[in-house]
């Protein structure tokens, strides 16, 4: 057993009260600090307070200490043994220090996971959180954090995975696409905070022509002599669902799809996951969204539309 102590800190040219107000909004719908949607969001089962349970991605913890505007501590859920905390220290009327400290007792396997996977991602997430604090408090970041190729690979490999669902009742365009269907399926992912809720945002990241559009649904697809298919993108209740409906026309179509249907679930999951990731990484970061909201009064979800870093 060994004890890991990981410390990050940054001096921000803004009053501690300004940065502390950002800290108090952790895990809210418009959290200005946690670097989502590029990373799985921080979620709690109640407003930030002692006793709140939650985490981000597979990491689970509970709030065990909270001083509004100054400090919060999270203790890891068993079997993990440790905690992490975020503190804001005044350095004068117009400067403060933000510090994040992680302490954990690790066995051999946990130490290996920490060295190979968790630490590179953890270090990046914390530095991006500091970027958001600096950007939201001052309007700019002196030296923005850049993800290394290795971190980008880990991010890609650990991205959210779609789950199978029934074709939603709200997917009216998909349900009405054909008078009869020979195949249907649907896959779903939660939308991360900050991601565009307009289904039109998906038309450039899925490789099919648009056939129809509704308020919450986009219908894509193609027709051929042997079969027709439609792919519906439904955005509702903070989730996106990709539904597929297929109609075959003849023996060639039935034979073709008899083979394709075994590959289709893999391809549908891959397309949804890849499109979800591309849109999430194209979203402007939390600190920038907050700055745009303050200036314009509207959320800015497309300011980073060319970022795929």
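Throughout, read-outs are computed from the coordinates displayed, never taken from laboratory work. Computed from a predicted structure; not experimentally measured. For neighbour counting, all protein chains shown are included, and Cβ atoms are generated from backbone atoms with ideal geometry for every residue, glycine included.
Were the residues from residue 123 through residue 238 laid out at 0.36 nm apart, the gain over their Cα-Cα distance would be 38.6 nm. Angle check, please: helix 251-282 long axis (alpha carbons) against the longest principal axis of the chain (alpha carbons), in degrees 0 to 90, nearest 10. Its long axis makes an angle of about 20 degrees.
Please label the shape of the range 95-176 as rounded, prolate or oblate, based on the square roots a ≥ b ≥ c of the eigenvalues of the alpha-carbon gyration tensor (a/c under 1.5 means rounded; beyond that, a/b larger than b/c means prolate, else oblate).
Because a/c hits 1.5 or more and a/b fails to exceed b/c, the range 95-176 counts as oblate.
Rounded to the nearest 0.05, what FRET efficiency do residue 165 and residue 259 have when you use their Cβ-Cβ distance and R0 = 35 Å? Once the sixth-power term is evaluated, E becomes 0.90. Our helix-only sum for the chain, with -39,500 (n - 2.57) per DSSP H run of n ≥ 4 divided by its residues, gives a mean residue ellipticity at 222 nm of -9000 deg cm²/dmol. Extension gain for residue 49 to residue 138 (0.36 nm times residue separation, less C-alpha to C-alpha distance): 29.4 nm. Placing a label point 7 Å from the Cα of residue 113 along the Cα-to-Cβ line, the residues of the range 134-172 whose backbone N sits under 20 Å from it are 151-161.
When the chain is fully extended, how far beyond the present Cα-Cα distance does residue 9 get from residue 210, taking 0.36 nm per residue of separation?
Stretched fully, the residue 9-residue 210 segment lengthens by 67.6 nm.
Normalising the average separation of contacting C-alpha pairs (under 8 angstrom, six or more residues apart) by the number of residues puts the relative contact order of the range 2-158 at 27 percent. Under the classification rounded if a/c is under 1.5, otherwise prolate if a/b is larger than b/c and oblate if not, where does the chain fall, given a ≥ b ≥ c as square roots of the Cα gyration tensor eigenvalues? Since a/c reaches 1.5 and a/b is larger than b/c, the shape of the chain is classed as prolate. Take 254-264, 214-224 and order them by the average number of nearby Cβ atoms within 10 Å per residue, most first; the result is 214-224, 254-264.
Against the chain, whose longest principal axis is taken from its Cα atoms, helix 119-138 shows a tilt of about 80°. The relative contact order of the chain comes to 17 percent, based on Cα pairs under 8 Å that sit 6 or more residues apart.
Taking a ≥ b ≥ c as the square roots of the eigenvalues of the Cα gyration tensor, the range 86-131 is classed as oblate, since a/c reaches at least 1.5 and a/b does not exceed b/c. Put simply, when 139-152, 70-83, 183-196 are sorted by average Cβ atoms within 10 angstrom per residue, most first, you get 183-196, 70-83, 139-152. Note: relative contact order over the range 100-242, using C-alpha pairs below 8 Å and six or more positions apart, is 18 percent.
Could you give the alpha-carbon Rg of the range 163-280 over 2.2 N^0.38 Å, rounded to two decimals? The range 163-280 yields a ratio of 1.02.
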